[in-house]
Amino acid sequence: MTKQTTNKEGKISASMKLAKVAWRTLKLDKELLIVSVIGLVIDICIFVAFIVSLLLIVPSLTSTEPITGQDLTSNIIYYLLTAIYLFTALTVANFFTGAISHAALERFRGGDPTVRSSLSAASKKTGPIIALSGLQATVGLVLQILGDRLPFAGKVATVIAGAAWGIATMFSIPIIMDGKETGPIKTVRHSAKTFTNIWGESIFIGLGLGLIEIAFGVIMGLVLIGGIALSIALSTWLYTIIAGTILIIGILVVGTMLSTLNIIIMTAAYHYASTNAIPAGFDNELIRSMFKPKKQWLR
């Protein structure tokens with residue numbers, strides 16, 4: 001029991017160190033945050049447009065009654081809009097993720113990427129990115145339809161399937177930016193194989209960033225609760241507005257940074273898995289301890 005606990009604590013510590021190394025990499029290319037911000041702003045605009053479209057085109061959504069199979073027209077329009085939203089949002093997200101992933105790969109190989117070179121590299125991969133986004137949107141839509149119509153056990157199954165799909169596709173964008181695959185299905189297969197090739201303890205890859213995200217969420221929650229409490233005590237909504245503003249700005253700033261760091265870490269994992277070479281700027285022992293090859297019996 002003691003040995004197992006120590007091992008887990010070691011992995012948690014290693015994942016935090018991995019996040020710190022990714023931060024040092026990001027500081028070398030701070031302009032990549034601009035790429036993340038642009039992508040985030042566009043995706044927020046797409047989401048707002050999606051919500052407005054739903055409210056305007058599918059009136060039944062504004063009622064207290066859920067959409068049912070009896071309202072066939074509303075269902076068709078709802079899922080059509082959802083499909084358009086998923087495809088558009090994923091395409092934008094994947095494009096800018098691709099730009100950051102390219103920059104990370106270039107940095108890991110001793111290069112000096114720029115915003116222009118990163119966006120240019122992503123634009124050259126527009127076709128594969130769109131194809132992958134279409135596949136992801138299709139799978140996402142199917143899972144949502146099943147989740148809406150299946151009983152509780154079915155909903156749990158779709159959640160699990162969605163998580164498995166997320167794991168299978170986690171290295172898809174680095175693979176595309178590395179020019180390894182062009183077809184979406186081959187790309188996903190390559191991504192899944194990459195994950196299994198570094199099976200080991202790789203489940204802890206994003207744990208460091210996850211802990212930071214949880215801590216940030218707790219702090220922001222306390223800020224919002226404090227603002228609401230002050231507003232109630234002083235009979236003014238001023239402090240709630242201030243707390244809400246801090247919350248929104250914090251989510252945008254910290255969320256953008258964590259998202260960019262996560263892309264860097266995933267790209268570093270892909271770089272190591274595909275080349276067995278340590279990414280420039282990363283510690284040899286740290287990388288090898290986090291990304292152990294899978295056991296022989298899993299081959």
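The values are calculated or read from the model by the stated rules, or taken from the named source; none is laboratory data. From a predicted model like this one, the values you see are computed outputs, not experimental measurements. Glycine gets a Cβ as well: all are built from the backbone with ideal geometry, and neighbour counts include every protein chain shown.
Inside segment 100-127, can you point out the residues that are in contact with a Gly (Cβ under 8 Å, 6 or more places away or on another chain) and modelled with pLDDT of 90 or more? Outline the logic, then answer.
Pass one, segment 100-127, residues in contact with a Gly (Cβ under 8 Å, 6 or more places away or on another chain): 107-108, 121-122, 125.
Of everything in segment 100-127, those that are in contact with a Gly (Cβ under 8 Å, 6 or more places away or on another chain) and modelled with pLDDT of 90 or more turn out to be Ala121, Ala122, Lys125.
Being modelled with pLDDT of 90 or more and over 24 Å from Arg109 (Cβ atoms) is the filter here; which residues of segment 170-188 pass it?
Once the filter is applied, which keeps residues that are modelled with pLDDT of 90 or more and over 24 Å from Arg109 (Cβ atoms), segment 170-188 yields Pro184, Ile185, Val188.
Could you list, in sequence order, all residues of segment 19-32 that are in a helix (DSSP H, G or I) and either touching a His at 6+ places or on another chain (Cβ under 9 Å) or buried (at least 18 other Cβ atoms within 10 Å of the Cβ) (or both)?
Ala19, Val21, Ala22, Thr25, Leu26, Leu32
Every residue in segment 170-192 that is buried (at least 18 other Cβ atoms within 10 Å of the Cβ), without any contact (Cβ under 8 Å) to a residue 24 or more places away in the chain and more than 15 Å from Asn94 (Cβ to Cβ), please. Before you say what the answer is, go through the steps one by one.
Going residue by residue through segment 170-192, those that are buried (at least 18 other Cβ atoms within 10 Å of the Cβ) are 170-178, 181, 184, 187-188, 190-192.
Right, trim to without any contact (Cβ under 8 Å) to a residue 24 or more places away in the chain and you get 190-191.
Hit for segment 170-192 is His190, nothing else.
Got at least one residue in segment 265-282 being at pLDDT 80 or above, of a type outside the set (Phe, Trp, Tyr), closer than 20 Å to Ala215 by Cβ and surrounded by 15 or more Cβ atoms within 10 Å (Cβ to Cβ)?
Looking through segment 265-282, at least one residue is at pLDDT 80 or above, of a type outside the set (Phe, Trp, Tyr), closer than 20 Å to Ala215 by Cβ and surrounded by 15 or more Cβ atoms within 10 Å (Cβ to Cβ).
Out of Gly244, Gly227, Gly255, which single residue is crowded, with 16+ Cβ neighbours inside 10 Å, at pLDDT 75 or above and assigned by TED's automatic domain parsing to the domain that holds Ser13?
Numbers: Gly244 fails: crowded, with 16+ Cβ neighbours inside 10 Å; Gly255 fails: crowded, with 16+ Cβ neighbours inside 10 Å.
After ruling out the rest, the residue left standing is Gly227.
Take the conditions in contact (Cβ under 8 Å) with a residue 40 or more places away in the chain and either outside the structural domain of Tyr270 (by TED's automatic domain parsing) or not in a helix (DSSP H, G or I) (or both) and apply them to Ile167. Does it pass? Walk me through how you get there before you give the answer.
Details: in contact (Cβ under 8 Å) with a residue 40 or more places away in the chain: no; either outside the structural domain of Tyr270 (by TED's automatic domain parsing) or not in a helix (DSSP H, G or I) (or both): yes.
The answer is no for Ile167.
If you take the residues of segment 98-127 that are within 15 Å of Lys30 (Cα to Cα) and among the β-branched types (Val, Ile, Thr), which of them is surrounded by the most Cβ atoms within 10 Å (Cβ to Cβ)?
Result: Ile100.
Give me the pairs: first residue in segment 111-138 and touching a residue at least 24 places away in the same chain (Cβ under 8 Å), second residue crowded, with 16+ Cβ neighbours inside 10 Å and of a type in the set (Lys, Arg), beta-carbon distance under 9 Å, and six or more apart or on different chains, which are they?
Pro113/Arg107
Criterion first (in a helix (DSSP H, G or I) and modelled with pLDDT of 85 or more) does Thr260 satisfy it? Spell out how you get there, then give the answer.
On the way: in a helix (DSSP H, G or I): yes; modelled with pLDDT of 85 or more: yes.
Yes.
Which condition number in (1) surrounded by 12 or more Cβ atoms within 10 Å (Cβ to Cβ); (2) modelled with pLDDT of 85 or more is the one that Phe291 fails?
(2)
With the condition kept exactly as written, say whether any residue in segment 8-24 is modelled with pLDDT under 85, under 27 Å from Gln136 (Cα atoms), touching a Ser or Thr at 6+ places or on another chain (Cβ under 8 Å) and among the small types (Gly, Ala, Ser).
Among the residues of segment 8-24, not one is modelled with pLDDT under 85, under 27 Å from Gln136 (Cα atoms), touching a Ser or Thr at 6+ places or on another chain (Cβ under 8 Å) and among the small types (Gly, Ala, Ser), which makes the answer no.
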